[in-house]
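Nothing in this text is a laboratory measurement; each read-out follows from the coordinates by a stated rule. The structure displayed is predicted, hence computed values, not measured ones. Cβ placement follows ideal geometry from the backbone for every residue including glycine, while neighbour counts extend to all protein chains displayed.
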Amino acid sequence: MGFFIDPEECSSIQILQLFAAYAYLMYIGCSMISDGAELLMLTPYSKLVGSCILPVLGAVPDGALVLFSGLGPDAQENLDVGVGALAGSTVMLITIPWAMAIWGGRVDADDRGRPRYGPAPRLTEGNVWDSAVSVGAAGAPAVRTMARWMALTALPYVIIEVAALLAAARLGDDVAALSLAESGWALTALVCALLGFLAYLRTQYKAAFAGDPVLESRTSAAAVQSVRGRGLGIVAALEPHLAAEKHDARSPLVDAEAPSSGAPVSSLVRSVLLPFYARYDADGSGVLNIEELSKVFEDMNEPKDAKSLEATFAHFDCNRDGVIDFPEFCRGMVLYAAAKKRDEAAGGSSLQRQSSAARRAPSPMPVADDDDDEDEEVPDEFVADKYKSIEDQQAAIRRAAMKLCGLGTALVLTFSDPVVDVLNEAGARSGINAFYVSFVVAPIITNGSEVLASYTFALKKTQKSMVVAYEQLLGAAVMNNTYCLLVFLAIIYFQKLYWKYTAETLAILAAEACVFAVATRPVHTPKTALAVLSLFPATIALVYVLETYVGLA
């Protein structure tokens with residue numbers, strides 16, 4: 001083992017001590033990854049935390065375990081450890097932490113069993129069965145989409161398993177012939193897994209940053225809630241979305257007397273601004289006059305004196321008809337926010353004025369929020385008042401998040417291999433098959449970041465946090481179906497091995513099918529949590545029955 005102590009030379013007590021030390025260090029790494037992910041929720045990258053960032057980081061140690069198990073002269077037999085880690089990781093991630101997320105995120109339910117995401121307290125002390133969780137109308141499509149990705153990316157399992165069954169039926173136990181017969185199919189499944197991995201990442205990125213309707217709805221709702229809940233001005237609400245706009249900060253709004261119509265505003269920005277615009281169209285005319293515009297700025301924490309208001313109204317009113325329609329309002333707000341953003345970068349005065357205005361502003365505007373979600377709390381070291389501009393604040397958050405995720409991943413990778421060696425030695429001394437040891441224990445350690453992060457998000461007890469928790473767990477299953485399985489298939493192909501894991505494959509597919517059915521349901525209760533939790537031991541029992549009594553060893 002090189003730098004690490006060889007467990008074969010240790011007593012049983014020393015093996016327990018090694019396990020405790022390695023597990024604690026890995027726990028620290030998992031906690032760092034979880035903390036880094038929480039910080040990323042404060043940035044525009046929040047859209048990728050649940051679906052991509054945490055699943056990819058969590059798949060790294062699993063892929064490493066699979067890779068290390070397939071190297072060396074006894075690769076075919078040692079792969080039992082790798083397949084145990086892969087199967088155990090996949091099943092565990094969609095069962096135990098899913099049940100934990102339901103339990104941690106549950107709130108009081110109404111008479112029809114639907115969760116009530118209203119004012120605190122959200123969960124009455126002692127309430128167990130009359131509680132539930134939901135991802136809401138906006139989050140349900142995203143979770144269903146992730147479940148479909150999990151089902152779709154299971155195709156490589158089907159390809160290699162069918163090929164293995166056909167080869168075994170024709171060739172029997174001829175290892176060399178089996179390896180040769182399965183080689184082409186292993187490569188086909190490998191390519192399929194690779195394409196699934198790349199397609200998933202590309203789709204998630206495009207959905208997050210290229211106008212996906214579901215994510216736009218969630219993002220705009222969060223922006224509106226930011227203005228309402230944290231007392232932020234409209235500049236802060238629009239700032240994460242300005243990069244997608246084509247407007248120049250040196251716009252006619254501040255530099256000229258006759259602004260042109262300008263480029264169209266994105267649908268995301270329109271959705272952010274529509275609730276504010278519609279609320280103050282008091283007469284239902286579809287346009288705003290100067291008094292209505294004044295009220296909009298006041299309730300958005302941007303109050304203006306009479307002179308400033310007249311100038312702003314004139315610049316918003318592009319066609320000089322004396323009123324502001326919605327396109328003019330959207331364009332004007334984007335240009336206004338861009339101009340203030342430029343001022344902040346120059347000296348920070350605008351940000352200070354905005355903070356002062358927020359403190360003087362009247363009571364927050366009661367915009368309806370379908371999901372009634374809460375915003376992420378900004379840690380004290382990252383509050384806006386400590387930075388000259390929002391860009392500086394966001395950069396500091398990103399640096400801290402990347403540092404935590406990077407160091408946490410390094411710790412997990414460093415100690416994944418030796419901790420599994422310790423577990424294997426413990427299994428060998430106890431007479432337990434290496435597959436079952438890897439299936440049960442390895443995922444709990446190597447996937448600690450996903451378990452901890454999903455539960456942490458669920459504890460926020462909001463529909464938005466439940467979406468992130470579910471997306472993360474389903475995304476982890478996708479990573480195992482693609483990235484980890486890709487590594488496994490590469491070992492099969494390049495090491496000229498053969499696939500002998502029918503029981504394990506059927507167990508994985510059965511567990512994923514059950515969780516797919518659960519993920520498509522709108523409301524989850526403690527009974528749902530118990531049913532999902534039972535899938536983990538049921539899967540182990542299924543593998544044992546298939547191998548012991550059906551002969552699929």
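Tabulated data
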quantity	calculated
For region 444-553, alpha-carbon Rg and Dmax in angstrom	16.4, 49
Nonlocal amide H pairs with S131, under 5 Å, H built at 1.01 Å	A109
Average projected area [Cα convex hull, region 1-135], square nanometres	12.9
Cα centroid of region 438-507 to Cα centroid of region 315-333, whole Å	51
Sequence ranges 124-131, 79-86, ranked by mean other-Cβ count within 10 angstrom, highest first	79-86, 124-131
Neighbour-count order for L201, L67, L39, fewest beta carbons within 10 angstrom listed first	L67, L201, L39
Neighbourhood charge, 10 Å Cβ-Cβ cut-off, centred on N319 and excluding it, Lys, Arg +1 and Asp, Glu -1	-3
Relative exposure of C484, C318, C405, C10, judged by other C-beta atoms within 10 Å (fewest first)	C10, C318, C405, C484
For region 32-71 and region 518-545, distance of Cα centres in Å	24
Under 5 Å, built H, 5+ apart or other chain: amide partners of I94	none
Taking R320, R122, R399 and counting other C-beta atoms within 10 Å, the order from fewest to most	R320, R399, R122
